[in-house]
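The values are calculated or read from the model by the stated rules, or taken from the named source; none is laboratory data. Remember, it's a predicted structure, so these values are computed and weren't measured experimentally. Positions of Cβ are backbone-derived with ideal geometry, glycine not excepted, and every protein chain shown enters the neighbour counts. Note: areas computed on protein heavy atoms with side chains; ligands, DNA, RNA excluded. Shrake-Rupley method; radii C 1.70, N 1.55, O 1.52, S 1.80 Å.
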Amino acid sequence: MAKTPNALKESRSDKIYYAIVYVILTIVLLAVAYPLYFVVISSFSDPSAVSRGEAILFPKGFTMEGYVTVFQNNEVVRGFINSLIYTFTGTALSIAVTIPAAYALSRPDLRGKGVITAFFMITMYISGGMIPTYLVVKGLHMIDTIWAIIVPGCLSVYNMIVAMSFFRSNLPMELLEAAKVDGCSNTRFFFKIAVPLSGAIIAIMVLYYGVGLWNSYFSALIYITTRSKWPLQLVLRTILVLSAQQMQNIKDVKELQRMQMVAELMKYSLIIISSVPILFVYPFIQ
């Protein structure tokens with residue numbers, strides 16, 4: 001069938017529209033992806049070449065010294081394992097707390113729903129403070145344990161509100177009423193119907209909590225006193241601090257310059273080491 005002039009005109013306009021969209025998206029992609037790519041090639045390049053702006057598309061003066069220096073520290077591997085344990089355990093606990101709470105508060109027939117929601121909302125604006133929180137953690141005998149990392153922040157009120165909105169819009173009361181007609185209890189409805197239909201919001205919560213736990217170091221800095229229990233982020237921070245302190249004690253100019261170049265390599269290497277696990281997780285969350 002021959003196309004009408006209107007159809008041809010619409011087809012051309014669509015092509016122009018999509019061409020503009022693809023150009024804009026390509027520019028955005030380059031703006032977002034290139035900084036990460038630059039960090040990757042800089043971690044394998046000579047620091048002096050990077051400072052001169054010679055490492056633009058490919059590594060210049062290929063070297064692995066930054067990674068070698070980092071992994072010479074035995075605490076890096078142990079910190080990596082600790083971070084995996086903290087992230088997986090903490091994310092599982094956070095999901096186990098957030099999803100049931102969000103589902104319960106999303107039901108309009110929950111008694112005292114307004115008071116309970118207000119109680120949660122207050123914590124978003126008013127915090128107990130660092131010292132009272134530390135005293136609570138110490139009073140619960142969680143200092144220098146994994147629980148000091150994952151328990152105090154296992155529930156994010158913001159994430160709970162996001163999950164509540166999902167349940168309200170995707171699980172209407174009519175679905176629950178129909179299930180009750182068939183003899184389904186509230187508990188069974190949650191585990192057999194609500195949770196299987198909530199894969200999208202659970203994946204989002206896993207991403208939010210997982211990234212937060214993986215990047216966290218301040219809680220470990222306060223509550224963890226044994227170095228063998230430090231997460232990766234705290235270990236990497238300590239490496240950078242110690243390298244800066246060592247450079248202050250060096251008097252030889254050439255040695256100082258070499259240490260400064262190694263420190264620059266280490267910064268890029270540490271960024272890659274700490275970012276790669278999260279980058280591998282993103283495709284699975286999709």
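List of remarks:
- For first residues located in the stretch 174-191 and more than 17 Å from ILE99 (Cβ to Cβ), partners that are among the charged types (D, E, K, R) and part of a helix (DSSP H, G or I) and lie 6+ apart or on another chain with Cβ distances below 9 Å form the pairs ALA179/ARG188; ALA179/LYS192; CYS184/LYS192.
- Of all residues in the stretch 34-48, those satisfying the criterion of being open to solvent by 20 Å² or more (accessible area, probe 1.4 Å), in a helix (DSSP H, G or I) and either in contact with a Gly (Cβ under 6 Å, 6 or more places away or on another chain) or β-branched (Val, Ile, Thr) (or both) are VAL39, VAL40.
- From the options VAL115, VAL151, residue that is over 21 Å from TYR209 (Cβ atoms) and not charged (D, E, K, R): VAL115
- Those residues of the stretch 163-173 which are hydrophobic (A, V, I, L, M, F, W, C), out of contact with any Asp or Glu (no Cβ under 8 Å at 6 or more places or on another chain) and more than 20 Å from THR87 (Cβ to Cβ), in sequence order: MET164, PHE166, PHE167, LEU171
- Taking each residue of the stretch 261-274 that is of a type in the set (Phe, Trp, Tyr) and looking for partners that are buried (at least 19 other Cβ atoms within 10 Å of the Cβ) with beta-carbon atoms closer than 8 Å, six or more apart or interchain, yields TYR268/SER42; TYR268/SER43; TYR268/GLY66.
- Checking every residue in the stretch 90-107 against the condition of being of a type outside the set (Ser, Thr, Tyr), farther than 20 Å from PHE190 by Cβ and either open to solvent by 80 Å² or more (accessible area, probe 1.4 Å) or at pLDDT 90 or above (or both) gives at least one match.
- None of PHE166, PHE191 is open to solvent by less than 50 Å² (accessible area, probe 1.4 Å), in a helix (DSSP H, G or I) and of a type in the set (Phe, Trp, Tyr) except PHE166.
- Enumeration of residues in the stretch 49-74 that are touching a Leu at 6+ places or on another chain (Cβ under 8 Å) and either part of a loop (DSSP other than H, G, I, E, B) or among the basic types (Lys, Arg) (or both): THR63
Let's see how each residue does on (1) in contact (Cβ under 8 Å) with a residue 60 or more places away in the chain; (2) part of a helix (DSSP H, G or I); (3) more than 27 Å from the chain's Cα centre (by Cα):
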site: LEU110; (1), (2), (3): no, no, yes
site: ILE116; (1), (2), (3): no, yes, yes
site: THR133; (1), (2), (3): no, yes, no
site: VAL137; (1), (2), (3): yes, yes, no
site: MET142; (1), (2), (3): yes, no, no
site: ILE149; (1), (2), (3): yes, yes, no
site: PRO152; (1), (2), (3): yes, no, no
site: TYR158; (1), (2), (3): no, yes, no
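- Yes/no for TYR208 being under 20 Å from ILE85 (Cα atoms) and modelled with pLDDT under 80: no
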